[in-house]
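Engineer: Let me give you the structure first, and then I'll get to my questions.
The values are calculated or read from the model by the stated rules, or taken from the named source; none is laboratory data. All values reported here derive from a predicted model rather than from experimental measurement. We place every Cβ from the backbone using ideal geometry, glycine too, and count neighbours over all the protein chains shown.
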Amino acid sequence: MKGLKLNTILTLVLVTVLTIAVGIPGAAFAGFPEKPITYTIPFNPGGESDITARLQEPELEKYLGVAVNVTHKPGGGGAVAWSDFQRTAKPDGYSVVGCNIPHIIGQPMIRKEAGYKTDGFKVVMWFHFTPNALVVSKDSEFKTLDDFIKFAKKKPFVGTVGGSGTYSANHLETLRLMKKAGVDLTYVPYTGTGPVIPALMGGHIKAAMSYSPVSVNYKDKFRTLAVASEERVPAMPDVPTFKELGYDIVGGAFRGVAVPLGTPQDVVDKLAQAYTEANKKISKKQLDLGFVMKYATGDDAVALVDTMRKAYGDVLSDIKKKK
Amino acid sequence: MLLETFLMLLDPVIILSIFAGVSAGLFVGAMPGLTATMALAVLLPFTFTLPPLHGLVALGAVYMGAIYGGSFAAILVNTPGTPSSIATAFEGYPMSKKGRALEALSIATVASAVGGIAGSLFLLLLSPPLAKLSLRFGPAEYFWVAVLGLTLIASLSEGSAMKGMLGGALGMVIGTMGVAPIGGETRFTFGLPVLQGGVAMIVALIGLFVLPELFNMAAKGRTALSAVEVNSRAKSSFWQATKTVFSMPGNLIRSCIIGEIVAIIPGAGGNVANLVAYNEAKRASKHPEKYGTGVEEGLVATESSNNVTVAGSMVPLLTLGIPGAPPDAVILGVMMLHGLRPGIELFTTSGQLTYGFIISMGLAAIAMVPVGLLGGRLIYKVIFRTPVYFLVPTIAMATMLGTYAVRNSHTDVIIMLILGTAGYLFKQIGIAPAPIVLGLILGNIAEMGFVQTMLSGQASQYPFLKLFENSLSHILIAMILFSAAWPYLSALKRRFKQRSKTAMEDTHE
């Protein structure tokens, strides 16, 4: 009984001290960061988000002077981590979560119980972009995008296009291409970019809508017909963009980090600076892998979400109507 | 070139990282809930500071050790440490009960080492043709592979096939929870956002296998190990175990080939290989009725086949850049970080590195023998000497921590506890955990294959005909029919034999 009381008192004292510490934002946050930061990746280890985080980790630690712990919380295409983050993370800058467009746009729109809102994050920065790329096997009959579109016009639904997931960037881009070109393709979803590759190599699909790193990494085996970026991707200067070919399609996956809403602005700024510096340091490695670097912070970051929401809005609402 | 590469590996730092990697992997594998994928993910940051070869060697060794370490928990406590040793428990644990635990551990060690070396040889010598074969598996083939796997349920269900199928169906239903793999709908989430993640296979495995065993131990107040070790010295020695393992060359070769074929199918790894190899060993055996009572053949089959998959699943990874099993995705990540692109280049321009990595996995398999024989005796002694009232809560605690670590999720712990309690009740009415887990693993593969096939056949009038298009599908369908008919065939054969025997006796009269 006595021990219990002592414990209670100790807890009370601790809580009071903590409350005071947190209660003086100016003083407390002047020194941000003071303790390790948890950087949650909502996907499995080994993927693009994970690899990027591992590259950033040492650079972030150098800049911020505290440990940055990368942890994984996979499930539901990211939704498990994001719903948990919006529900429980404290707005103090010590909890950072990896975020992806269009995942955070599409999931809350399509699923009844995604458990989080697109605008429920304070985005710190979008640090890179992997544009969608339409890829075929090297020995395919399709030499150009035009060949593929002509084929699809002649034989509706025979052109099978594999991609990662449903309502993903790959899926939505295929739908947009169908709409813009006025053709009918058959989209075949796989559980990630990994399994799409053997499917294309083995001839189980005619083409794949995948991301630019796939084009770069498998350039001996695949031919990229077009890439959905504003300008040509540095790592593959010979590949035309959809825009050049007359289809106004720009899209893909953007990766970035977010903190909870209500995180003090100076903390967000400090994190944004850290991620910017880290991004500069690792850009050489990432450019070679087929990534397009981005430096969207503050209002630019919010604007990017809105742009992409508009870009995919049409196809998403079409899907919603059908449901 | 190979000799040069081999000499390069004789660097003391590399030898040390192999031994350290195998030991670490062994520990991780032996803990229910800690998986090879997790161990690799934790180690990943350390490999950044190392040269590429050292990093890959260490990761390969951990992977090898973890798959082998799973057998320890399976043999000693009847709880597979990783999904790759589910069937190891079927024979290993009954052996322990009879006081042959050390013998079982030694046999598992030698069988695992043989499997590991075989896998490295497959990778070293047969990569190109195997990679070609792996590409022939499309959605339709995946569907048939999963159906073939489901026919295993009949032999895994110990007695009533009906109850086995019930378990399998239950597993498939549990597998549908969460976001649909194809289509993206959320299913059975009951309005809880966190259930979008579904039930992870490893979480179900821990719940269904470990908890019922813990309840059993607590109820009886003792472990099955309490039996006195029979003849431990003579039978558990390395030489004796080696003799036992090599006394069944047919079984060994068959299990290694099964392991390799399963390994090159992306998405399936040791978790499927050990069950298939066990099933085939039982089918080929002269005395299948003895299975489940501690037959060495079954143990050799599972432990050799699952360690083949370690190096075996690197065939599609190194040649095509396709991870054959989840831990391989982490290794692919490491290679990409060091700017190593999978493909022919890997074997030519950076050949020394690649061959070094492959050979190091063979060395890791050899290193398992001393590490395993020592470690096995140590763990056996610890479990044997610890009173059950310490052992049960300790394992329970480790299990819960392990479950949490799978996806850093409290929900997973709750799901594990619910499934474990249900699993205990199921066991009482004769539904074994193995068919449930098998249904969970294969249900998803079957669904994906089926839906993808139907989607890609959208242009034709009868999309389902796509399921019967390829020659590989035909082979798989034939295997399914054979596998499903086997119990009847063997019953017929027995009757026929009996009749001819009586006929013979008749003529003698």
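Engineer: Within the range A:173-180, is there a residue that is assigned by TED's automatic domain parsing to the domain that holds A:Asp146, over 16 Å from the mean Cα position of the chain (by Cα) and under 22 Å from B:Gly343 (Cβ atoms)?
Structural biologist: Within the range A:173-180, not a single residue is assigned by TED's automatic domain parsing to the domain that holds A:Asp146, over 16 Å from the mean Cα position of the chain (by Cα) and under 22 Å from B:Gly343 (Cβ atoms).
Engineer: Now a separate question. Is it fair to say B:Leu317 is under 22 Å from B:Ile202 (Cβ atoms) and without any contact (Cβ under 8 Å) to a residue 40 or more places away in the chain?
Structural biologist: Yes: the conditions hold for B:Leu317.
Engineer: Return the total of residues in the range B:412-469 being among the acidic types (Asp, Glu) and under 23 Å from the mean Cα position of the chain (by Cα).
Structural biologist: Within the range B:412-469, residues that are among the acidic types (Asp, Glu) and under 23 Å from the mean Cα position of the chain (by Cα) number 2.
Engineer: Sticking with this one: Identify the residue in the range B:19-41 that is part of a helix (DSSP H, G or I) and touching a Pro at 6+ places or on another chain (Cβ under 9 Å) and, among all such residues, is nearest to B:Arg377 (Cα to Cα).
Structural biologist: Result: B:Phe19.
Engineer: A further question on this structure: Can you go through A:Val196, A:Val188 and tell me which one is in contact with a helix residue (DSSP H, G or I) (Cβ under 7 Å, 6 or more places away or on another chain), surrounded by 24 or more Cβ atoms within 10 Å (Cβ to Cβ) and not in a loop (DSSP other than H, G, I, E, B)?
Structural biologist: A:Val188
Engineer: OK, next. Which is buried (at least 22 other Cβ atoms within 10 Å of the Cβ) and either at negative phi or away from chain A (no Cβ under 11 Å) (or both), of B:Ile253, B:Ile331, B:Ile257?
Structural biologist: B:Ile331
Engineer: Closer than 30 Å to A:His204 by Cα and within 14 Å of chain A (Cβ to nearest Cβ): which single residue out of B:Gly183, B:Gly171 fits that description?
Structural biologist: Of the residues listed, the single one that is closer than 30 Å to A:His204 by Cα and within 14 Å of chain A (Cβ to nearest Cβ) is B:Gly183.
Engineer: Now, a different point. Answer yes or no as to whether A:Asp238 is over 30 Å from A:Gly75 (Cβ atoms) and free of Cβ contacts under 8 Å to residues at least 12 places away in the same chain.
Structural biologist: For A:Asp238, the condition - over 30 Å from A:Gly75 (Cβ atoms) and free of Cβ contacts under 8 Å to residues at least 12 places away in the same chain - is met.
Engineer: Can we say A:Tyr247 is in the same structural domain as A:Lys180 (by TED's automatic domain parsing) and either closer than 27 Å to A:Glu141 by Cβ or not hydrophobic (A, V, I, L, M, F, W, C) (or both)?
Structural biologist: Answer is no for this residue.
Engineer: Still on this structure, please answer the following. Determine whether A:Asp147 is within 11 Å of chain B (Cβ to nearest Cβ) and either farther than 30 Å from B:Leu337 by Cβ or not β-branched (Val, Ile, Thr) (or both).
Structural biologist: So A:Asp147 does not fit the description; no.
Engineer: Given the criteria within 14 Å of chain B (Cβ to nearest Cβ) and more than 23 Å from the chain's Cα centre (by Cα), does A:Asp238 qualify?
Structural biologist: No.
Engineer: While we're looking at this one, here's another question. Mind listing whichever residues of the range B:422-476 are of a type in the set (Gly, Ala, Ser) and in a helix (DSSP H, G or I)?
Structural biologist: B:Ala422, B:Gly423, B:Ala434, B:Gly439, B:Gly443, B:Ala446, B:Gly449, B:Ser456, B:Ser471, B:Ser473
Engineer: Among the residues of the range B:186-208, count how many are among the small types (Gly, Ala, Ser), assigned to a helix (DSSP H, G or I) and within 11 Å of another protein chain (Cβ to nearest Cβ).
Structural biologist: 1
Engineer: Any idea how many residues of the range A:105-124 are more than 9 Å from chain B (Cβ to nearest Cβ) and in contact with a strand residue (DSSP E or B) (Cβ under 7 Å, 6 or more places away or on another chain)?
Structural biologist: 4
Engineer: Another one. Identify all residues within the range A:217-235 that are within 21 Å of the chain's Cα centre (by Cα), away from chain B (no Cβ under 14 Å) and surrounded by fewer than 22 Cβ atoms within 10 Å (Cβ to Cβ); write none if there are none.
Structural biologist: A:Glu230, A:Glu231, A:Arg232, A:Pro234
Engineer: Please determine whether any residue of the range B:286-295 is at pLDDT 85 or above, under 22 Å from B:Gly372 (Cα atoms) and surrounded by fewer than 22 Cβ atoms within 10 Å (Cβ to Cβ).
Structural biologist: yes
Engineer: What single numbered condition from (1) within 14 Å of another protein chain (Cβ to nearest Cβ); (2) within 22 Å of B:Gly115 (Cβ to Cβ); (3) not in a helix (DSSP H, G or I); (4) not charged (D, E, K, R) fails to hold for B:Thr319?
Structural biologist: (3)
Engineer: Moving to a separate point now. Spot the failing condition for B:Met64; the list is (1) more than 15 Å from B:Ile359 (Cα to Cα); (2) surrounded by 23 or more Cβ atoms within 10 Å (Cβ to Cβ); (3) touching a residue at least 60 places away in the same chain (Cβ under 8 Å), and only one is missed.
Structural biologist: (1)
Engineer: Here's another thing I want to ask about it. Here are A:Met201, A:Met209: which of them is touching a residue at least 24 places away in the same chain (Cβ under 8 Å) and within 21 Å of B:Pro326 (Cα to Cα)?
Structural biologist: When all the criteria are applied, what remains is A:Met201.
Engineer: Right, another one. For B:Phe137, all conditions in the list (1) assigned to a helix (DSSP H, G or I); (2) over 16 Å from the mean Cα position of the chain (by Cα) hold save one; what is the number of the exception?
Structural biologist: Of (1) assigned to a helix (DSSP H, G or I); (2) over 16 Å from the mean Cα position of the chain (by Cα), only one is false for B:Phe137: (1).
Engineer: Would you mind telling me which numbered condition in (1) within 14 Å of chain A (Cβ to nearest Cβ); (2) modelled with pLDDT of 85 or more; (3) on the phi < 0 side of the Ramachandran plot B:Leu211 fails?
Structural biologist: Of everything listed in (1) within 14 Å of chain A (Cβ to nearest Cβ); (2) modelled with pLDDT of 85 or more; (3) on the phi < 0 side of the Ramachandran plot, B:Leu211 misses just condition (1).
Engineer: Determine whether B:Leu346 is touching a helix residue (DSSP H, G or I) at 6+ places or on another chain (Cβ under 9 Å), more than 22 Å from A:Gly192 (Cα to Cα), touching a residue at least 40 places away in the same chain (Cβ under 8 Å) and part of a helix (DSSP H, G or I).
Structural biologist: Taking the combined requirement at face value, the residue does not satisfy it.
Engineer: State which residue is surrounded by the fewest Cβ atoms within 10 Å (Cβ to Cβ) when the search covers only the range B:158-179 and only residues that are part of a loop (DSSP other than H, G, I, E, B) and modelled with pLDDT of 85 or more.
Structural biologist: B:Thr176
Engineer: Taking the criterion of being on the phi > 0 side of the Ramachandran plot and either without any contact (Cβ under 8 Å) to a residue 40 or more places away in the chain or out of contact with any Phe, Trp or Tyr (no Cβ under 6 Å at 6 or more places or on another chain) (or both), would at least one residue in the range B:20-34 satisfy it?
Structural biologist: yes
Engineer: When you scan the range B:219-229, do you find a residue that is at pLDDT 85 or above and in a helix (DSSP H, G or I), even just one?
Structural biologist: Yes; the residues of the range B:219-229 include at least one that is at pLDDT 85 or above and in a helix (DSSP H, G or I).
Engineer: Quick one: B:Pro80 ticks every box in (1) in a helix (DSSP H, G or I); (2) closer than 20 Å to B:Asn274 by Cα; (3) modelled with pLDDT of 85 or more bar one, so which box is it?
Structural biologist: Every listed condition holds for B:Pro80 apart from (1).
Engineer: While we're on this one: For the range B:278-285, state whether one or more residues are aliphatic (A, V, I, L, M), surrounded by fewer than 24 Cβ atoms within 10 Å (Cβ to Cβ), farther than 29 Å from B:Ala20 by Cβ and within 14 Å of chain A (Cβ to nearest Cβ).
Structural biologist: Looking through the range B:278-285, none of the residues is aliphatic (A, V, I, L, M), surrounded by fewer than 24 Cβ atoms within 10 Å (Cβ to Cβ), farther than 29 Å from B:Ala20 by Cβ and within 14 Å of chain A (Cβ to nearest Cβ).
Engineer: Select from the range A:61-88 the residues that are touching a residue at least 60 places away in the same chain (Cβ under 8 Å) and within 13 Å of another protein chain (Cβ to nearest Cβ) and write down the one among them that is farthest from A:Ala272 (Cα to Cα).
Structural biologist: Checked the range A:61-88; the qualifying residue farthest from A:Ala272 (Cα to Cα) is A:Gly77.
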